[in-house]
């Protein structure tokens with residue numbers, strides 16, 4: 001009886017092993033049929049018939065009266081050194097002016113001026129305006145953390161007498177003197193080796209599944225070397241970095257109080273796992289709570305992004321900056337956030353005359 005039992009156990013184990021092996025063989029064959037080698041991403045040089053200079057650094061991008069190329073797109077600045085047409089220092093009668101400050105996402109890196117969410121928002125507001133003209137100024141500049149964003153708002157944006165201020169928050173805005181990086185040095189080298197462990201495997205199934213598993217693991221249990229780990233550490237386990245960030249949020253709120261205008265914080269969504277696995281929602285909530293505690297309002301963009309394919313909203317597989325479709329979603333999220341502003345936020349700054357909030 002005992003011998004027969006062991007025979008059954010062995011037979012079942014063999015059948016299970018054969019079943020698993022057969023499933024893996026079938027999966028491997030299907031993968032070989034559908035798998036295509038990754039095509040190296042080569043950015044072709046865009047046409048530049050006018051021979052315009054190509055700008056790279058924030059200092060170049062902030063130079064006044066520039067006509068150039070940046071990240072493959074036409075770039076122009078006005079005499080104040082921010083992207084867009086020339087703007088009068090004081091808004092014209094009947095004009096409600098919004099200043100949006102932020103980094104490269106606000107600026108619209110990789111998209112045309114009219115495709116950036118700042119310009120899209122202006123078009124939205126004016127399409128539904130009743131007797132009020134809206135101007136939305138784009139103070140975004142690549143490479144800025146929150147401290148420099150606030151400085152730029154103070155030194156440049158306030159000169160144009162805004163009626164409302166928007167701060168476009170991006171995850172890396174916390175980078176400053178106390179920020180600690182884990183995506184450089186040995187941590188990053190280890191993470192890259194792990195991600196590329198089976199790039200040259202003879203088994204195509206491993207080549208396909210392993211990178212996706214590494215990406216999912218970075219979301220569920222991020223290890224040192226992943227960007228998810230780095231951000232989580234600095235926002236939740238690095239009190240000095242978080243305090244530096246809060247100090248700048250205090251400055252931003254003080255600008256609103258001192259000038260009698262509302263400040264709205266737009267939380268930019270990173271187009272990565274736009275579902276219940278999205279790894280940065282805790283950060284979005286922490287920043288939103290800090291803004292509300294300081295008397296500012298918040299526009300969350302993740303609810304608008306949720307359910308979309310992240311790859312269809314980014315410039316490329318290696319550049320997570322939003323493409324035109326991503327900017328349209330950011331404009332939609334900001335528009336929805338502005339609809340919820342208190343009525344007093346729609347007071348004209350220079351006269352304190354109320355305008356009808358757009359529907």
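May I ask you to give the average projected area over all directions of the convex hull of the Cα atoms of region 213-333, in nm² rounded to one decimal? Walk me through the numbers before you get to the answer.
Values: hull surface 33.1 nm².
That works out to 8.3 nm².
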### Task
For region 120-164, state the average projected area of the convex hull of the C-alpha atoms over all orientations, rounded to one decimal in nm².
3.8 nm²
### Query
How would you order 159-168, 318-327 from highest to lowest mean count of nearby Cβ atoms within 10 Å?
159-168, 318-327
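For 285, 115, 228, 128, which order do you get if you count the other beta carbons within 10 Å of each Cβ and list the fewest first?
Details: 285 14, 115 19, 228 23, 128 10.
Lowest count first: 128, 285, 115, 228.
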### Sorted by Cβ neighbour density within 10 Å, fewest at the top, the residues 105, 255
255, 105
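Read the figures in this text as sums done on the coordinates, not as results from a lab. As the structure is a prediction and not an experimental result, all values here were calculated from the model. Glycine also receives a Cβ, built like all others from the backbone with ideal geometry; neighbour counts cover every protein chain displayed.
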